[in-house]
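The values are calculated or read from the model by the stated rules, or taken from the named source; none is laboratory data. The shown structure was predicted, so the numbers you read here are calculated from the model rather than taken from an experiment. Using ideal geometry, Cβ is built from the backbone for each residue, glycine included, and neighbour counts are taken over all protein chains shown.
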Amino acid sequence: MSGGGDDSNSKAVDAKIVTNGGSTSTTTTSTSFLRAVDNFGMKLKPWALSAYQRSLSYSNNAKSINGEEGTTTTPATGGGEEEKQQRMKRTSNFKSILCRIQSNILWVLYILYRGYRGFFVILPAVFREVYAQLNESDLVVDVYGDEEMEEREYAVNKNAKVSSQNEQIQQPMKLRTRITISILSGILTLSYVVSGALRVLGEFINLLV
């Protein structure tokens with residue numbers, strides 16, 4: 001009988017371990033996926049620059065063929081050599097175009113990644129930080145501070161009914177405070193976004209001018 005009890009207990013412990021391990025593995029998988037996305041996104045810019053440099057090298061190689069830069073000359077009797085150089089030139093131009101297209105695609109993916117990171121990673125973090133700072137400060141809490149102090153004085157009453165009524169009165173006040181802090185945090189975060197967008201637009205205009 002004792003052996004059967006030990007067997008059932010071991011099975012119960014094993015089942016519990018499997019359940020916890022499943023939730024932990026799910027969290028680890030999601031974290032690993034987000035980290036892999038970040039690592040891939042950060043590599044897009046170096047890849048785009050590398051592809052652009054390769055396109056420039058192929059383009060310069062194509063220009064140097066057939067003496068386009070004045071560095072080489074083709075003999076009049078070298079018909080086969082001339083055809084070979086033309087093929088090399090076309091190949092270099094084709095590779096240059098492919099590398100340029102690859103660079104543009106990588107730049108677009110990098111811009112999309114930065115947009116995703118800005119809206120879904122950075123902005124929520126900024127909002128939480130602004131919310132925490134406003135919540136810790138007395139800027140918003142003092143708006144309902146006097147009323148809350150009066151409610152706390154009433155809550156000292158020994159009557160349980162009065163204290164329960166005061167608790168019910170305090171809950172909407174705290175909710176209003178949280179809503180006010182959330183609205184102010186959203187306005188401040190939006191102002192950061194607008195100011196950053198205006199700076200980027202100004203730099204882009206300066207580049208065009």
(request) State whether the residues of segment 39-48 include one that is at pLDDT 65 or above, loosely packed, with under 10 Cβ neighbours inside 10 Å and either aromatic (F, W, Y) or over 30 Å from Q86 (Cα atoms) (or both). (result) yes
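Results for (1) of a type in the set (S, T, Y); (2) within 18 Å of P46 (Cα to Cα); (3) assigned to a helix (DSSP H, G or I), shown as yes or no for each residue.
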position: F94; (1), (2), (3): no, no, yes
position: Q102; (1), (2), (3): no, yes, yes
position: L112; (1), (2), (3): no, yes, yes
position: F119; (1), (2), (3): no, no, yes
position: I122; (1), (2), (3): no, no, yes
position: R128; (1), (2), (3): no, no, yes
position: Y131; (1), (2), (3): yes, no, yes
(message) modelled with pLDDT under 70, among the charged types (D, E, K, R) and more than 30 Å from Y52 (Cβ to Cβ): which single residue out of K158, K174 fits that description?
(response) K158
(request) From (1) modelled with pLDDT of 90 or more; (2) in contact with a Gly (Cβ under 9 Å, 6 or more places away or on another chain), pick out the condition that doesn't hold for Q102. (result) (2)
